[in-house]
1. Which condition number in (1) touching a strand residue (DSSP E or B) at 6+ places or on another chain (Cβ under 8 Å); (2) more than 13 Å from Met22 (Cβ to Cβ) is the one that Val82 fails?
2. Residue under question is Pro21, and the condition is that it be out of contact with any Leu (no Cβ under 6 Å at 6 or more places or on another chain) and free of Cβ contacts under 8 Å to residues at least 24 places away in the same chain; does it hold?
3. Pick out the one residue from Glu57, Glu53, Glu87 that is surrounded by fewer than 23 Cβ atoms within 10 Å (Cβ to Cβ), over 19 Å from Lys121 (Cβ atoms) and in contact (Cβ under 8 Å) with a residue 12 or more places away in the chain.
4. From the residues in the stretch 58-116 that are at pLDDT below 90 and among the hydroxyl-bearing types (Ser, Thr, Tyr), which one is farthest from Lys28 (Cα to Cα)?
5. Looking only at the stretch 32-44, decide whether some residue is over 19 Å from Gln127 (Cα atoms), among the hydroxyl-bearing types (Ser, Thr, Tyr) and free of Cβ contacts under 8 Å to residues at least 12 places away in the same chain.
6. From the list Asp102, Asp79, Asp94, Asp75, which residue is in contact (Cβ under 8 Å) with a residue 60 or more places away in the chain, surrounded by fewer than 12 Cβ atoms within 10 Å (Cβ to Cβ) and not hydroxyl-bearing (Ser, Thr, Tyr)?
7. Do we find a residue being buried (at least 18 other Cβ atoms within 10 Å of the Cβ), in contact with a strand residue (DSSP E or B) (Cβ under 9 Å, 6 or more places away or on another chain), among the polar types (S, T, N, Q) and in contact (Cβ under 8 Å) with a residue 24 or more places away in the chain anywhere in the stretch 106-119?
8. Regarding Phe36, is this residue surrounded by fewer than 20 Cβ atoms within 10 Å (Cβ to Cβ) and in contact with a strand residue (DSSP E or B) (Cβ under 7 Å, 6 or more places away or on another chain)?
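The values are calculated or read from the model by the stated rules, or taken from the named source; none is laboratory data. Worth saying up front: this structure is predicted, and the values here are computed from it rather than measured. Don't worry about glycine lacking a Cβ; one is built from the backbone with ideal geometry, like all the others, and counts go over all protein chains shown.
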Amino acid sequence: MASVLPSAVLFCCTMNEIRSPMAEGIMKRFHSRRVFVDSAGVRQGKLDPFMVEVMAEIGVDMSNHKPKIFDNLADDSFDVVVSLSPEAQHKAVDLTRYMHCDLKRWNIFDPSLVEGSRESKLAAYRQVRSELQQRILDVFPRSEDEY
């Protein structure tokens, strides 16, 4: 039985630097032909080189990602909005005032808070990437014809 996927999904976090672009890239990796996917932040961020590096490890090129805020979204109609930070959750709730959508909150750790060596930071980013990938596949499973 094929899974029913939403037609449009928005991932949001605080600055659209790490968690939401990772989720966007992973979702596109698995469902880009069937689902419109975007990401945004509450505040303007910048491209995070650790995010780009750990996504490249799984074959997802995020080097051209341009962090954006909610106001800069090309589309403002989503079936599912997934917030990945408390600040983004508040903004996502605001969206429901003019858009009917399914809100999901995934409390995902911000790996930029990890201090220490480059390797320990990369390990934290990889852990977030793995958690996002697992959640995406749990909530938005691939159908048999996508393998």
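1. (2)
2. So Pro21 fails the test.
3. Only one candidate qualifies: Glu87.
4. Within the stretch 58-116, the match that is farthest from Lys28 (Cα to Cα) is Tyr98.
5. Scanning the stretch 32-44 turns up at least one residue that is over 19 Å from Gln127 (Cα atoms), among the hydroxyl-bearing types (Ser, Thr, Tyr) and free of Cβ contacts under 8 Å to residues at least 12 places away in the same chain.
6. Asp75
7. No, the stretch 106-119 has no match at all.
8. So Phe36 passes the test.
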